[in-house]
Amino acid sequence: MDVADNTVALVTKHCGLQLELYQKCVTQNPENWDIKCITQKRALAKCSEDNVPIIKHVKEMCDPFIKEYDHCVMNNQQDPAVCLDSLKRLFHCTEEHGKLPPTGPPRPVSAADSSSSDTDKKPTASGYGYRGGVSA
């Protein structure tokens, strides 16, 4: 199972209800789902970010590219193709930061980790550490 499949599985496991409600809303509102389903979209995004650490990490690392792409799409709704360069930059960022470190997925820092020397310790965000990876 690759990172994307694992991420989808974790979102489905932890946020199944939010995902179902968002999908149902989109299906029921094909003409204006982007407006009608904003509450469900936000609930799914929050749940995913709270429960799947790699999503939060990618969102933090790629925030400027996410904002650039969203801004472009909002300003070019009639011709979103002009946003392809922004989308490519966002894609490359997610590809770079969406890969798991060689030691696997982010994990809670355990008591076993506290036995290492103080020089090996790095600050972590939300209690999750990336061995050899990016830390906040």
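Conditions tested, residue by residue: (1) assigned to a helix (DSSP H, G or I); (2) farther than 17 Å from LEU10 by Cα; (3) not assigned by TED's automatic domain parsing to the domain that holds THR7.
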position	(1), (2), (3)
CYS25	yes, yes, no
PRO30	no, yes, no
ARG42	yes, yes, no
CYS47	yes, no, no
HIS57	yes, no, yes
ILE66	yes, yes, yes
CYS72	yes, yes, yes
Exercise. When you go through (1) out of contact with any Pro (no Cβ under 8 Å at 6 or more places or on another chain); (2) modelled with pLDDT of 50 or more one by one for ALA112, which number turns out not to apply?
Worked result: (2)
Problem set entry | In the range 74-96, the residues that are not charged (D, E, K, R) and not in a helix (DSSP H, G or I) | ASN76, GLN77, GLN78
Problem set entry | Residues that are closer than 22 Å to GLU96 by Cβ and free of Cβ contacts under 8 Å to residues at least 24 places away in the same chain, drawn from the range 36-59 | ALA45, GLU49, LYS59
Exercise. Regarding LYS99, is this residue in contact (Cβ under 8 Å) with a residue 40 or more places away in the chain, among the basic types (Lys, Arg) and not in a helix (DSSP H, G or I)?
Worked result: yes
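The values are calculated or read from the model by the stated rules, or taken from the named source; none is laboratory data. Owing to the predicted nature of the structure, the values given are computational and were not obtained by experimental measurement. A quick note on method: Cβ atoms are made from the backbone with ideal geometry, for glycine too, and the neighbour counts reach across all protein chains shown.
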